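One structure below.
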Amino acid sequence: MILDQNGNTSIITQEKVTVIELVKKMQALYPKFKNNNIIVSLSALEAYGKNDIDEFLELSNMHRRAKNSFVLVSDKVDLNSISDDIVVVPTLQEAYDIIEMEDMERDLGF
C-alpha cells in the first residue's frame with residue numbers, strides 16, 4: 001500500500017495484494033487519515049470485480065458520515081453495476097473533481 005498526501009487528501013494506491021487485504025490494512029491505519037478526504041486507486045491491480053468494490057462500502061460509509069469524501073478510482077469494473085452508496089470513477093482527475101464538488105456542498109451546508 002502506497003500512501004501519498006496532497007493537501008487534505010490521502011491517496012492510497014495498491015499494487016500487489018488483494019482488495020480484501022487492502023481494506024483490512026486501511027481499517028487498521030484509518031486513524032492516520034481519518035480527517036482527510038480519501039482516494040483509493042485500484043488501477044494497478046490486475047483482477048477484481050464488483051464484489052471487491054463492495055468490500056469498501058463499510059469504510060466508505062463511515063468516512064462519509066464523518067463529512068469527508070471517499071472515492072475509488074477504477075477503470076476495470078462496470079460503473080453501472082456498482083452500488084450508489086459508493087463513489088467510483090475511472091480516473092484520478094475525476095476523483096479530485098468529485099472531492100472538490102463534495103467540499104463545496106459541505107461548505108454550503110448540504
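The values are calculated or read from the model by the stated rules, or taken from the named source; none is laboratory data. Just so it is clear, the structure is predicted and the values come from calculations on it, not from any experiment. Virtual Cβ from ideal backbone geometry, glycine too; neighbours counted across all protein chains shown.
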Within the stretch 46-100, residues in a loop (DSSP other than H, G, I, E, B), touching a Ser or Thr at 6+ places or on another chain (Cβ under 8 Å) and either without any contact (Cβ under 8 Å) to a residue 24 or more places away in the chain or of a type in the set (A, V, I, L, M) (or both) come out as Ile86, Pro90
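Residues are listed down the side, and each one gets a yes or a no for (1) in contact with a Pro (Cβ under 7 Å, 6 or more places away or on another chain); (2) under 16 Å from Val19 (Cβ atoms); (3) crowded, with 16+ Cβ neighbours inside 10 Å:
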position	(1), (2), (3)
Phe70	no, yes, yes
Ser83	no, yes, no
Ala95	no, no, yes
Ile99	no, no, yes
Asp107	no, no, no
Phe110	no, no, no
With the first residue restricted to the stretch 14-41 and required to be over 19 Å from Ile86 (Cβ atoms), and the second required to be surrounded by fewer than 18 Cβ atoms within 10 Å (Cβ to Cβ) and not acidic (Asp, Glu), Cβ contacts under 7 Å at 6 or more apart or on different chains are Glu15/Ala44
For residues that are in a strand (DSSP E or B) and touching a strand residue (DSSP E or B) at 6+ places or on another chain (Cβ under 7 Å), tally how many sit in the stretch 6-45.
-> 10
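State all residues of the stretch 71-110 that are polar (S, T, N, Q) and either touching a Leu at 6+ places or on another chain (Cβ under 8 Å) or more than 25 Å from Gly49 (Cβ to Cβ) (or both); if no residue qualifies, say none. Can you show your working first?
Taking the stretch 71-110 first, the residues polar (S, T, N, Q) are 74, 80-81, 83, 91, 93.
Correct list: Ser74, Ser83.
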Here is a list of conditions, (1) over 21 Å from Ile2 (Cα atoms); (2) over 11 Å from the mean Cα position of the chain (by Cα), and Glu21 meets all of them except one; can you say which number that is?
-> (1)
Unique match (being closer than 22 Å to Glu102 by Cβ, touching a Ser or Thr at 6+ places or on another chain (Cβ under 6 Å) and modelled with pLDDT of 90 or more) among Ile38, Ile11 = Ile38
Within the stretch 34-54, the residues that are surrounded by 17 or more Cβ atoms within 10 Å (Cβ to Cβ) and under 12 Å from the mean Cα position of the chain (by Cα) are Asn36, Asn37, Ile38, Ile39, Val40, Ser41, Leu42, Ile53
Just one of (1) among the polar types (S, T, N, Q); (2) more than 21 Å from Asp97 (Cβ to Cβ); (3) at pLDDT 95 or above trips up Ser69, so point out which.
-> (2)
